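Chemist: What follows is a single structure, and I will ask about it in a moment.
The values are calculated or read from the model by the stated rules, or taken from the named source; none is laboratory data. The structure presented is a predicted model; accordingly, all values stated were derived computationally and were not measured. Methodologically, a virtual Cβ is constructed for each residue, glycine included, from the backbone with ideal geometry; neighbour enumeration extends over all protein chains shown. Surface areas here come from the heavy atoms of the whole protein model, side chains and all, with no ligands, DNA or RNA. Shrake-Rupley method; radii C 1.70, N 1.55, O 1.52, S 1.80 Å.
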There are 2 protein chains.
Amino acid sequence: MADAATIRLAFERYCGRLTAHDASGIAALYAVDAVVEDPAGSTPVVGRAAIEAFYDGALGRVRPEKVELTGPVRVLATGIAAAATLRSTSLRDGVRAQVDIIDVMTFAPDGLITSMQAYWGPDNLTVLDAY
Amino acid sequence: MADAATIRLAFERYCGRLTAHDASGIAALYAVDAVVEDPAGSTPVVGRAAIEAFYDGALGRVRPEKVELTGPVRVLATGIAAAATLRSTSLRDGVRAQVDIIDVMTFAPDGLITSMQAYWGPDNLTVLDAY
């Protein structure tokens, strides 16, 4: 099993690489056969290559200024899964907005992410200011 | 599908009934064939009667002083599932402690909870004060 420190680091790297718009770096956090659902329940994106393409597209559309953890990572004692709160702040068309998200991830024993499901909806989008 | 307001209300009632140590009231929030994993990945508790017994036992052990939402409920646009952050504060043997939890729930169209998975681990327990 992955230990709690390894899992917390994976979440921190995930946020940092989203902020850096580093799709290939994000994909490298995933196992080769990982599955991503963002939002949860949507058509799964399967495999590291497809996952990189997914993040490349999403980052190109959203262009986040910052993605950060907003609370403690909840790591199961078994080390097989964890959940955490993330906030993504973006500036598009002169409007700064944030989305509050909960990501649930499962982990391989080597610490690679084997699945991710993102929980968020329209009510979690907050417009911060407009210019 | 359940709408976002119905789902948020279910989370609020869930916290309120945990605070009130109301196991039967909690069970009534669940569909008759619902499945609970607390923590996620543990042996599932299946069906409303077993779920009531589970909460009755857990509340008897933990005796929470307060269970509250600590952030916005993340409701999927599809209304089939949601996730939220909860904090449970307890006083046992003269020690006040809190646990920070993320609960993921799925919902039937009538707003009853069809499944719950609780994400928390040893690192999410914080001792607040001891007398």
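Chemist: Using the Karplus equation 6.51 cos²θ - 1.76 cosθ + 1.60 (θ = phi - 60°), what ³J(HN,Hα) coupling, rounded to whole Hz, does each residue of the stretch B:53-61 give in order, writing x for Gly and Pro?
Modeler: Running phi through 6.51 cos²θ - 1.76 cosθ + 1.60 with θ = phi - 60° gives 5, 4, 5, 4, x, 5, 5, x, 7 Hz.
Chemist: Using the Cα atoms of the stretch B:4-130 to build a convex hull, what is its mean projected area in square nanometres?
Modeler: About 7.3 nm², averaged over all directions.
Chemist: Other chains near B:97-104: what is the mean number of their Cβ atoms within 10 Å of each residue's Cβ?
Modeler: What the average comes to for B:97-104 is 4.
Chemist: Need one number: nm distance between label points at A:Glu37 and A:Asp22, each 7 Å from Cα along Cα→Cβ, rounded to one decimal.
Modeler: 2.9 nm
Chemist: Right, something else. Using each residue's phi in the stretch A:92-109, evaluate 6.51 cos²θ - 1.76 cosθ + 1.60 at θ = phi - 60° and report the 3J(HN,Hα) Karplus result to the nearest Hz, with x for Gly and Pro.
Modeler: 9, 6, x, 10, 8, 9, 10, 10, 9, 10, 10, 9, 10, 10, 10, 10, 7, x
Chemist: How do B:Leu128, A:Leu112, A:Leu18 rank by accessible surface area computed with a 1.4 Å probe, from largest to smallest?
Modeler: B:Leu128, A:Leu112, A:Leu18
Chemist: A follow-up question, please. For B:Ala34, which sequence-distant residues (separation of 5 or more, or a different chain) have an amide H within less than 5 Å of its own amide H, given hydrogens modelled in the peptide plane?
Modeler: Under 5 Å from the amide H of B:Ala34 lie the amide H atoms of B:Gly47, B:Arg48, each far enough along the sequence or on another chain.
Chemist: Can you give me the angle between helix A:4-19 and the longest principal axis of chain A, using Cα atoms only, in degrees from 0 to 90, rounded to the nearest 10?
Modeler: 30 degrees
Chemist: Just to check I understand the Karplus step: with θ = phi - 60° and J = 6.51 cos²θ - 1.76 cosθ + 1.60, what whole-Hz values come out for the stretch A:62-77, glycine and proline as x?
Modeler: So the Karplus estimates, Gly and Pro as x, are 8, 6, x, 6, 7, 10, 9, 6, 10, x, x, 6, 9, 9, 4, 4 Hz.
Chemist: Pull up all non-local amide H partners of B:Ala81: gap of 5 or more, or a different chain, and H-to-H distance under 5 Å with H placed in the peptide plane.
Modeler: Residues meeting the criterion, in which the H sits 1.01 Å from N, are B:Leu76, B:Phe107.
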